[in-house]
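S.K.: Below: one structure in structure tokens.
The values are calculated or read from the model by the stated rules, or taken from the named source; none is laboratory data. Worth saying up front: this structure is predicted, and the values here are computed from it rather than measured. In this analysis, Cβ positions are derived from the backbone assuming ideal geometry, glycine residues included, and neighbour counts consider all displayed protein chains.
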Amino acid sequence: MAGIKTINLPDVGDFDGIEIIEVLIAPGDEIQAEDSIIVLESDKATMEIPSPYAGTIKTLMVNVGDRTSEGAAIATIETADSATEPPEVERPPEIVQEVEDSQPGKSRKPPPKPAVESVDRSGNLIHASPSIRRYARELGVDLDRVIGSGAKGRILKENVKAFIKTTLSSGGGGSGIPISAMPEIDFSKFGEIEAIELNRIKKISGAHLHRSWVSVPHVTQFDEADITDLEAFRKSLAKESEQRGVRLTPLVFLMKAVVAALKTFPEVNASLESSGERLVLKKYFNIGVAVDTPNGLVVPVIREVDQKGLFDLAEELSATAGRAREGKLAPADMQGGCFSISSLGGIGGSHFTPIVNAPEVAILGVGKAKMQPVYQDDGSFSAGLILPLALSYDHRVIDGAQGARFTSFLSRVITDIRRVLI
Ligand code: CAO
């Protein structure tokens, strides 16, 4: 049997005339027993007052800023059943926090819930009631990113909602980083323009690159390798390459050198699970190679590089790059990679900072080799062909020292390519 009940302020301890700093209900709201209805704040504590009844709020008898005391009426509620007066609390007050986890619908006199204070990353206090903390937790919102508009910077439900809205509309998505939207500008106001639609590959790779850029904390380690001997070796194989009808470019040697480095540094041959809590180490060596096509960047994967010889790799690389440029790659051709190489060596430039091809954890950027003086310890020097290398890596997985060890090792192997045999 339905009935109208009055919700009175329960015993809140040694407080009289305590200030109401939040009102969490309005007439017409449907609430469950133990849902918080108001938040009180004294000099020493903040506490939420839960409702003893489930039902619909009929009238609200308090406002933010009012001072209230034990027994004062807060609101009236229309209950769905013939709820009787709530029994006395059985639990001792020190475990009142557990009320948050209790079953809704139970009718008993609820104790106030103390609000938990915590600090943000700068050491400032975060003021938010348990219900707001629970609400934020359910939605995956980190409260130290939310600016509170309540009294003393208290975070309110509307602040959490506004934060989520901004994050979603700015494309910050899963990264949790609020980015303001790019302004729409009418460039025709400044001169003649032509708008062209990005092609499908650019749209797909653009979204992938953006996601990697915002979700992976990047560091790029620069290094170089003296490829004078490698180049001499490569040239010595020119005739054989021609007979086999393949182009043996430096990239093929680099792929083998990268496999040697991945075997030595297994955590680089890995992917971080999306939870960010486990690293999946891969026992196979599939290398993605960035290919520049008329329609944009694609990264087909050359499989089992560890098990293939230089000529086979050269043949496969050139066939795969050819199919990429003709737009004939299947989705499966771009899956299963462990580590990527982006080589601009055939075009020009020195060091650059490639974007990690997530969920891989590292990518090697290769620049164009140039003849440079190579100094010995005694001050003498000779001319050497120097190859710029840049390793971008996911700093959640790879430490700076590890990144530098990886590129140093890689440089040594490339400088003396016989080391791939070790
Ligand atoms: N230094 C000096 N010369 C180099 C070199 C380097 N690092 N790398 C290649 N070369 C030379 C090659 O030896 C070749 O010369 P020869 O024919 O005289 O031997 C010439 O440059 C052209 O090589 P290539 O680019 O055709 O072949 P490749 O195996 O080096 O690369 C591929 C193949 C598919 C990776 C390349 O064609 C390509 O598309 N590169 C662009 C990748 C890209 O866009 N990356 C940016 C992505 S965003 O991070």
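S.K.: Which one of these is in contact (Cβ under 8 Å) with a residue 40 or more places away in the chain, within 24 Å of the chain's Cα centre (by Cα) and under 16 Å from residue 366 (Cα atoms): 276, 288?
M.R.: Checking each option against the conditions leaves just 288.
S.K.: Give the residue that is surrounded by the most Cβ atoms within 10 Å (Cβ to Cβ), with candidates limited to residues of the range 390-414 that are within 14 Å of the ligand (Cβ to nearest atom) and closer than 14 Å to residue 260 by Cβ.
M.R.: Checked the range 390-414; the qualifying residue surrounded by the most Cβ atoms within 10 Å (Cβ to Cβ) is 414.
S.K.: Counting only residues that are in contact (Cβ under 8 Å) with a residue 24 or more places away in the chain and crowded, with 21+ Cβ neighbours inside 10 Å, which one in the range 359-374 is farthest from the ligand (Cβ to nearest atom)?
M.R.: If we take residues in the range 359-374 being in contact (Cβ under 8 Å) with a residue 24 or more places away in the chain and crowded, with 21+ Cβ neighbours inside 10 Å, then 361 is farthest from the ligand (Cβ to nearest atom).
S.K.: Applying the selection to the range 302-345, what residues are more than 13 Å from the ligand (Cβ to nearest atom) and outside any loop (DSSP other than H, G, I, E, B)?
M.R.: Result: 305, 306, 307, 311, 312, 331, 332, 333, 334, 339.
S.K.: Oh, and also: Quick check on the range 207-232: of everything there that is surrounded by fewer than 16 Cβ atoms within 10 Å (Cβ to Cβ) and over 33 Å from the mean Cα position of the chain (by Cα), which residue is farthest from residue 258 (Cα to Cα)?
M.R.: Among those residues, the one meeting the criterion is 232.
S.K.: Separate question: Hey, can you tell me all the residues within the range 360-378 that are at pLDDT below 95 and of a type outside the set (D, E, K, R)?
M.R.: Within the range 360-378, 374, 375, 376 qualify.
S.K.: Same structure, new question: Against the conditions (1) touching a strand residue (DSSP E or B) at 6+ places or on another chain (Cβ under 6 Å); (2) part of a helix (DSSP H, G or I), where does residue 267 fall short? Just the number, please.
M.R.: The number of the failed condition is (1).
S.K.: Among the residues that make up the range 380-396, is at least one of them free of Cβ contacts under 8 Å to residues at least 60 places away in the same chain and either in contact with a Cys (Cβ under 8 Å, 6 or more places away or on another chain) or not small (Gly, Ala, Ser) (or both)?
M.R.: Checking the range 380-396: at least one residue is free of Cβ contacts under 8 Å to residues at least 60 places away in the same chain and either in contact with a Cys (Cβ under 8 Å, 6 or more places away or on another chain) or not small (Gly, Ala, Ser) (or both).
S.K.: Take the conditions at pLDDT 95 or above and either more than 9 Å from the ligand (Cβ to nearest atom) or on the phi > 0 side of the Ramachandran plot (or both) and apply them to residue 348. Does it pass?
M.R.: yes
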